[in-house]
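Working notes, beginning with the structure itself.
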Amino acid sequence: MKRVGIIGGGQLAWMMGDAAKKLGVELVVQTPSQDDPAVSIAQETIFAPVDDASATEILATKCDVITFENEFVNLDALSLLAQKGVCFRPRLEALSPLLDKYHQRCYLRDLGLPVPQFFALDELEHLKSKMRYQSFPIVLKSRRHGYDGQGTFIIPDLATLEEKANESVTNKTFSQPLFLLEEFVPFERELAVIAARSVDGEIVSYPVVETQQEQQVCRRVIAPAQITPNQAAEIKAIAHTLLNSLQVVGVFGIELFLTADGKVLVNEIAPRTHNSGHFSLDACETSQFEQHLRAVCGFSLGNPALQCTSAVMVNLLGYENSQSDYQSKRQQLAKIPQAHVHWYGKTESRPGRKLGHVTVLLDNQHRDRLSAIAHTIESIWYPS
Ligand code: ADP
């Protein structure tokens with residue numbers, strides 16, 4: 001029996017529950033609140049924020065290996081634990097170049113991987129003077145702690161840039177007023193791939209998917225993406241280069257842009273399981289969650305192939321402040337043929353919060369049907 005510690009107890013940890021049972025693995029979770037989704041599937045929970053390294057020290061006494069569902073940790077404090085022999089998978093060195101978006105871009109560029117043009121900006125004044133030479137729109141990103149589009153701003157002109165930068169400097173949500181500025185990529189589509197690397201260095205990757213964002217938050221994922229075999233091979237090669245270079249053990253998600261002239265650029269690396277891989281729970285022989293546990297436990301990797309022709313995954317995002325469990329909407333969603341509804345059991349809904357997702361499997365790939373199904377799900381879920 002293996003005991004795996006997970007830093008973070010959100011839906012990504014919760015979705016490891018069934019895989020853990022299947023593999024005979026016990027999960028111990030470090031998460032701040034009794035209401036967090038993974039508390040219900042954990043053998044034991046340590047109630048503490050994810051960046052509380054003294055809690056992680058206690059977590060380490062209870063398990064064989066520690067992994068992450070949330071990367072907003074205190075790496076310096078965790079490295080002291082690693083020096084004392086605590087086993088982190090992926091290792092901390094695989095996370096350290098990635099947690100700051102500017103460092104991440106530099107790391108990818110230095111590996112020779114294609115990324116958008118970017119530069120760092122530490123001070124507002126510097127930023128303003130630099131902007132006079134740039135064309136708009138441009139993308140301003142908080143270097144740390146961005147997720148679901150929080151901290152990513154598409155800036156149409158200099159006035160908005162000044163306004164945003166001022167706001168961000170004074171706004172307490174930005175503990176460090178450090179930005180990354182990058183070219184706006186007029187992408188044709190956004191793509192993503194989930195890849196896993198085992199202790200022995202074996203790598204598998206899932207089919208490349210198309211992700212559709214609204215207001216910078218993922219709304220839909222279509223598997224597989226309709227791309228050329230060359231593009232798929234290029235993306236697979238990017239995943240191999242990255243996972244090998246970082247000597248990753250576990251699952252990583254890679255988000256990409258595909259431009260109108262067929263160029264692939266890496267947007268962002270998630271050093272963990274990722275929303276773009278949720279379809280794998282129902283559509284693949286081995287889900288990304290099982291794959292991650294297999295990798296971090298030192299087991300051989302499973303088959304990532306699709307077991308159906310195609311699948312569409314739609315996020316159920318909160319659209320109001322409420323404590324409803326939306327039971328009747330969930331029942332309606334479950335009636336859609338080949339639909340699998342996953343509800344994360346969060347006790348409070350807020351606009352934009354990820355409350356669950358639905359995956360629908362299709363035997364015959366038909367683009368029109370995928371969009372129509374996504375539309376049906378959204379018209380049941382969102383009030384008109
Ligand atoms: P987060 O870490 O919050 O997910 P991302 O960097 O992935 O932030 O950005 C969220 C979304 O914003 C992307 O999925 C994309 O739609 C849009 N976006 C981000 N960077 C760019 C860019 N350079 N050009 C165009 N759109 C972008």
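Laboratory data are not the source of any read-out in this text; all were calculated from the coordinates shown. Since the model is a prediction, treat every value here as computed from it, not as a measurement. Note: ideal-geometry Cβ built from the backbone for every residue, glycine included; neighbour counts use all protein chains shown.
Order of Phe68, Phe118, Phe184 from fewest to most other C-beta atoms within 10 Å? Before the final figure, lay out the partial values.
Numbers: Phe68 27, Phe118 18, Phe184 15.
The order, fewest Cβ neighbours first, is Phe184, Phe118, Phe68.
Just how large is the dipole of region 335-384 about the Cα centre, in debye to the nearest 20, putting +1 at every Lys and Arg Cβ and -1 at every Asp and Glu Cβ?
Numbers: 7 positive and 4 negative charges, 39 e Å.
Dipole about the Cα centre, nearest 20: 180 debye.
Gain in length, Asn230 to Glu202, computed as 0.36 nm per residue apart minus the alpha-carbon separation, to one decimal in nm? Provide the component values of the computation, followed by the final result.
On the way: separation 28, 0.36 × 28 = 10.08 nm, distance 2.21 nm.
Residue separation times 0.36 nm, minus the Cα-Cα distance, leaves 7.9 nm.
Once the dipole of region 282-363 is set up with Lys and Arg at +1 and Asp and Glu at -1 on Cβ about the Cα centre, which of Leu293, Gly352, Gln331 lies farthest towards its positive end?
In region 282-363, that residue is Gly352.
Lys84: which aspartates and glutamates have alpha carbons under 20 Å from its alpha carbon, excluding same-chain residues fewer than 8 sequence positions away?
Here the aspartates and glutamates satisfying the reach criterion relative to Lys84 are Asp51, Asp52, Glu57, Asp64, Asp76, Glu93.
Mind checking the log10 I(q)/I(0) for the chain at q = 0.06, 0.07 Å⁻¹? Debye, one equal scatterer per Cα, no solvent, two decimals.
-0.22, -0.31
Cross-link partners among aspartates and glutamates for Lys164, C-alpha distance below 16 Å, same-chain residues fewer than 8 apart left out?
Partners within reach: Asp122, Glu123, Glu125, Glu182.
In nm, to one decimal, how far is the modelled label at Glu348 from the one at Asp51, with both set 7 Å along Cα→Cβ?
Reported label-point gap for Glu348 and Asp51 is 2.0 nm.
Mind counting lysine pairs for me in region 240-384? Cα separation below 25 Å, and the two need to be 8 or more apart along the chain or on different chains. Can you show the working numbers first?
Details: Lys329/Lys346; Lys329/Lys354; Lys335/Lys346; Lys335/Lys354; Lys346/Lys354.
Qualifying lysine pairs in region 240-384: 5.
Between Asn303 and Phe72, 0.36 nm times their residue separation minus their Cα-Cα distance comes to what? List each step's numbers first, then the result.
Working: separation 231, 0.36 × 231 = 83.16 nm, distance 2.98 nm.
My answer for the length gained is 80.2 nm.
Within a 10 angstrom radius of the beta carbon, how do Thr347, Thr152 rank from fewest other beta carbons to most?
Fewest to most other Cβ atoms nearby, the residues stand as Thr347, Thr152.
So for the chain, taking the charge dipole from beta-carbon charges (+1 Lys/Arg, -1 Asp/Glu), which of Cys106, Cys63, Phe252 sits furthest toward the positive end?
Farthest along the dipole direction, towards plus: Cys63.
Using all C-alpha to C-alpha distances in region 1-74, build P(r) with 5 Å bins and read off the rounded percent in each one.
Result, from short to long distances: 4, 20, 33, 27, 13, 3, 0 percent.
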